[in-house]
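One structure is given here, and the rest of the page talks about it.
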Amino acid sequence: MRVSLARRRALRLLALAAAAPAAVAAAAAAVPFSRGLLFRIDASGKPPSWVFGTMHSNDARVTRLPAAVTSALAASRWFAAEILLLQAEPSAFFAAAQFDDGRRLTDHFDDATLAQVRDVLGGGAPSPEAFSRLKPWAVLLLLAQPPATGGGPTLDEILIDVARRQRMTAVGLELPEEQVAALDAVPLASQAALVRWTLAHRAELPFDHERAVRTWMRGDLAGLAALAAAPGRRDPAVAPHFAELTKHLVVNRSAQMAHRLFVPLRTGRVFVAVGALHLYGTQGLPALIRDQGHRVTRIG
């Protein structure tokens with residue numbers, strides 16, 4: 001897998017991860033930070049910082065930067081992303097996506113399922129030997145690839161490019177090995193169950209992507225959480241497995257991001273760009289940053 005494509009697949013999975021039924025209940029209760037993609041962060045006596053909720057997509061509707069985002073970038077000196085693409089070595093990521101012991105995909109799937117996976121992946125499938133060693137979450141990344149919209153950069157890549165052209169100091173809120181560790185932390189039974197679910201519902205992914213784009217464009221964070229929670233509502237048997245994704249890939253990672261932003265935000269002029277689901281609710285970045293003593297104001 002090329003690293004940029006692998007990263008898009010990984011981030012796409014993270015964007016779909018908050019699928020526990022609790023997300024819908026929280027939305028219904030009108031929890032804080034249920035709307036908005038751009039938030040201003042103010043610390044006493046310091047210049048402001050900003051948090052922007054991205055969508056990991058190269059859809060043309062997503063990649064147009066709003067004026068408020070451009071202004072916030074221009075006023076910032078630091079750029080903090082979920083992970084810097086330059087940090088992700090393709091060979092290291094691909095190696096981490098494979099078992100390094102005696103385990104194999106055949107431990108988790110029957111021959112018919114594996115044949116279906118290879119048929120879906122077509123020319124995008126790894127070699128037979130590498131395929132046999134893939135971890136189930138790696139198969140899930142491959143299957144969850146969003147609809148192709150050309151070869152243009154994603155919104156995250158555009159933001160990183162703008163930050164470099166403005167000579168901002170760029171930092172990653174997560175190391176590549178930490179993202180892999182988060183994926184590894186999802187129980188293997190849940191990884192395998194989600195692969196089977198994705199295979200059974202793969203035809204719905206383009207429609208899910210379209211709904212997600214429209215919801216993101218409205219700045220409807222509660223709506224994004226509700227969309228992500230839909231599989232668990234329709235099929236309670238799969239809800240616990242999506243809940244594991246929520247725990248390891250959204251909630252825990254949001255807490256880690258907030259921890260790493262604690263010191264930088266006290267200096268100001270930091271532009272933070274993370275997936276929009278990391279902004280939602282009481283466990284999202286704006287709420288966690290507010291709890292650190294900052295004033296958080298929705299801008300857009």
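The values are calculated or read from the model by the stated rules, or taken from the named source; none is laboratory data. Please read all numbers here as calculations on a predicted model, not as lab measurements. Ideal geometry is used to build each Cβ from the backbone, glycine not excepted, and the neighbour counts take in all protein chains shown. We work out accessible area using only protein heavy atoms, side chains counted, and drop any ligands, DNA or RNA first. Shrake-Rupley method; radii C 1.70, N 1.55, O 1.52, S 1.80 Å.
Which of the residues belonging to the range 187-214 are at pLDDT 90 or above and open to solvent by 60 Å² or more (accessible area, probe 1.4 Å)?
Those that are at pLDDT 90 or above and open to solvent by 60 Å² or more (accessible area, probe 1.4 Å): 189, 196, 200, 211, 214.
If you take the residues of the range 261-283 that are assigned to a loop (DSSP other than H, G, I, E, B) and in contact with a Leu (Cβ under 8 Å, 6 or more places away or on another chain), which of them is surrounded by the fewest Cβ atoms within 10 Å (Cβ to Cβ)?
281
Residue by residue, here is whether (1) free of Cβ contacts under 8 Å to residues at least 60 places away in the same chain; (2) on the phi < 0 side of the Ramachandran plot; (3) under 21 Å from the mean Cα position of the chain (by Cα) holds:
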| position | (1), (2), (3) |
| --- | --- |
| 109 | no, yes, no |
| 122 | yes, no, no |
| 125 | yes, yes, no |
| 133 | yes, yes, no |
| 161 | yes, yes, yes |
| 171 | no, yes, yes |
| 185 | no, yes, yes |
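Quick grid of which residues meet (1) at pLDDT below 85; (2) closer than 15 Å to residue 275 by Cβ; (3) among the hydrophobic types (A, V, I, L, M, F, W, C); (4) touching a His at 6+ places or on another chain (Cβ under 6 Å):
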site	(1), (2), (3), (4)
16	yes, yes, yes, no
21	yes, no, no, no
35	no, no, no, no
38	no, yes, yes, no
43	no, no, yes, yes
51	no, yes, yes, no
54	no, yes, no, no
57	no, yes, no, no
60	no, no, yes, no
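Name the helices (runs of 4 or more DSSP H) wholly inside the range 122-222 in which the number of residues that are of a type outside the set (Lys, Arg) and closer than 22 Å to residue 250 by Cα is 1 or more.
Qualifying helices (runs of 4 or more DSSP H): 136-143, 155-165, 176-185, 188-201, 205-217.
How many of the residues in the range 107-143 are among the small types (Gly, Ala, Ser) and buried (at least 20 other Cβ atoms within 10 Å of the Cβ)?
1
For the range 31-64, name all the residues that are more than 23 Å from residue 287 (Cβ to Cβ) and hydrophobic (A, V, I, L, M, F, W, C).
60, 62
May I ask you to say which residue of 229, 258, 243 is out of contact with any Leu (no Cβ under 9 Å at 6 or more places or on another chain), part of a helix (DSSP H, G or I) and either open to solvent by less than 10 Å² (accessible area, probe 1.4 Å) or of a type in the set (Ser, Thr, Tyr) (or both)?
229 is the lone residue from the list that is out of contact with any Leu (no Cβ under 9 Å at 6 or more places or on another chain), part of a helix (DSSP H, G or I) and either open to solvent by less than 10 Å² (accessible area, probe 1.4 Å) or of a type in the set (Ser, Thr, Tyr) (or both).
Looking only at the range 48-61, how many residues end up being in a loop (DSSP other than H, G, I, E, B) and in contact with a Ser or Thr (Cβ under 8 Å, 6 or more places away or on another chain)?
So the count comes out to 4.
Test residue 93 against the criterion of being surrounded by 14 or more Cβ atoms within 10 Å (Cβ to Cβ) and either in a helix (DSSP H, G or I) or in contact with a Cys (Cβ under 9 Å, 6 or more places away or on another chain) (or both), and give yes or no.
Yes, satisfied.
Looking only at residues in the range 284-298 that are assigned to a loop (DSSP other than H, G, I, E, B) and small (Gly, Ala, Ser), which one is surrounded by the most Cβ atoms within 10 Å (Cβ to Cβ)?
Looking at residues that are assigned to a loop (DSSP other than H, G, I, E, B) and small (Gly, Ala, Ser), I get 284.
Within the range 96-105, track down each residue that is touching a Ser or Thr at 6+ places or on another chain (Cβ under 7 Å) and assigned to a helix (DSSP H, G or I).
Result: 105, single match.
If residue 269 meets every condition in (1) basic (Lys, Arg); (2) on the phi < 0 side of the Ramachandran plot; (3) over 20 Å from the mean Cα position of the chain (by Cα) apart from one, which number is that one?
(2)
Which of (1) open to solvent by 50 Å² or more (accessible area, probe 1.4 Å); (2) touching a Ser or Thr at 6+ places or on another chain (Cβ under 9 Å); (3) charged (D, E, K, R) is the odd one out, the single condition residue 184 does not satisfy?
(2)
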